[in-house]
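Read through the structure below, which is laid out as structure tokens, and then see the notes.
The values are calculated or read from the model by the stated rules, or taken from the named source; none is laboratory data. Quick caveat: nothing in here was measured; it's all calculated off a predicted structure. Note: ideal-geometry Cβ built from the backbone for every residue, glycine included; neighbour counts use all protein chains shown.
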Amino acid sequence: MISKKTMTLNLTDTEMDALERLSAQKDLTKTAVLRQALRLYQLVEARLVRGEKLYFENDATKEKAELMLV
Amino acid sequence: MSSIIERVPLIVRATGDEIDAEIRHPIEESNLHDWETKWKPIVEATEKRLRAQGIPRAQWPQDLHWDWRKKMTDMRGLLSGATFTIECEKATQGMMAVNVSNARARIEQQNGQHLVYVEYLEAAPWNRKDHMAAPRFRGVGSILIITAIALSRSEDFKGRIGLHSLPQADEFYTRCGMTDLGADPKYYNLRYFEMTPEQATKFLEGKEKS
């Protein structure tokens with residue numbers, strides 16, 4: 001498929017634990033989890049640069065909470 | 001400059017002959033130029049003909065309004081999107097835009113898992129029966145679905161894909177072996193189709209045999 005490059009990543013034990021938990025929860029390799037995180041980070045940054053805000057909405061109550069990014 | 005993902009055969013409908021084609025990534029300016037100078041005149045001619053014949057708008061091809069240039073502008077630079085083309089005979093035979101980040105699976109057995117969400121998939125109008133009495137190539141849509149499955153596997157999504165279908169394409173996605181989860185009130189009431197890893201394998205095996 002699309003060509004990829006390899007890099008070494010240094011993580012703390014806590015970060016590695018979190019990565020391994022997400023990897024298990026989402027049935028993804030650790031590389032795939034980090035790739036998803038990068039995509040989301042880039043998308044959020046692009047929307048913030050455009051002056052938009054990031055909200056979470058409770059699907060049941062429709063209550064919205066802004067994720068404050070300072 | 002786009003890169004070649006794979007070389008694939010397209011079938012000439014009139015003769016059954018195979019022609020070598022390339023799956024390429026990403027969509028680039030030359031493809032948008034094809035869309036504007038080769039696809040759009042045929043699409044506009046179809047619209048003019050249907051209007052002159054008094055055919056109700058509900059029976060027109062439902063993707064007449066798709067704007068690939070706008071879509072590409074919206075996606076530019078974002079890692080969440082990926083785009084592909086099929087090219088041969090110095091022309092773009094089909095295009096597909098997918099999202100690899102924002103959509104999650106809905107079928108119970110894979111609920112919440114990542115998948116490749118197909119946002120746009122379109123064959124060139126000269127390959128379609130709703131534009132041409134004698135379409136040129138067969139297999140463009142299937143090859144793009146195979147490409148989406150291959151991307152899903154390479155992303156570690158195991159072949160899972162999903163999409164909202166225009167009503168005229170419902171039958172095609174059913175034939176692909178996808179599960180029809182019904183009309184989605186949150187997305188223009190279009191039917192949502194999803195493919196599991198097992199369905200993806202079955203679809204690919206069926207294509208290898210045919």
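So the values come out like this:
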| read-out | value |
| --- | --- |
| Given (1) modelled with pLDDT of 95 or more; (2) surrounded by fewer than 17 Cβ atoms within 10 Å (Cβ to Cβ); (3) closer than 24 Å to B:L151 by Cβ, index of the condition B:P9 fails | (1) |
| B:A21 closer than 20 Å to B:L166 by Cβ and either hydrophobic (A, V, I, L, M, F, W, C) or crowded, with 16+ Cβ neighbours inside 10 Å (or both) | no |
| Criterion: exposed (fewer than 13 other Cβ atoms within 10 Å of the Cβ), outside any helix (DSSP H, G or I) and among the hydrophobic types (A, V, I, L, M, F, W, C) - qualifying residue of A:L28, A:L9, A:L48 | A:L9 |
| Only one of B:T201, B:T174, B:T147 that is surrounded by fewer than 18 Cβ atoms within 10 Å (Cβ to Cβ) and either part of a strand (DSSP E or B) or under 16 Å from the mean Cα position of the chain (by Cα) (or both) | B:T174 |
| Enumeration of residues in the stretch B:90-134 that are of a type in the set (S, T, Y), within 14 Å of another protein chain (Cβ to nearest Cβ) and outside any loop (DSSP other than H, G, I, E, B) | B:Y117 |
| Residue in the stretch B:25-39 that is within 14 Å of chain A (Cβ to nearest Cβ), polar (S, T, N, Q), under 18 Å from the mean Cα position of the chain (by Cα) and surrounded by 15 or more Cβ atoms within 10 Å (Cβ to Cβ) present | no |
| Neighbours by Cβ (under 6 Å, 6+ apart or cross-chain): first from the stretch B:23-46, in contact (Cβ under 8 Å) with a residue 12 or more places away in the chain; second charged (D, E, K, R) | B:I23/B:E6; B:R24/B:E87; B:L32/B:R69 |
| Any hit, the stretch B:182-192, residues being away from chain A (no Cβ under 14 Å), part of a strand (DSSP E or B) and surrounded by 18 or more Cβ atoms within 10 Å (Cβ to Cβ) | yes |
| Residue match in the stretch A:32-42 (condition: more than 23 Å from B:A148 (Cα to Cα), modelled with pLDDT under 95 and not in a strand (DSSP E or B)) | yes |
| Residue under evaluation A:M1, criteria (1) within 14 Å of another protein chain (Cβ to nearest Cβ); (2) part of a helix (DSSP H, G or I), criterion not met | (2) |
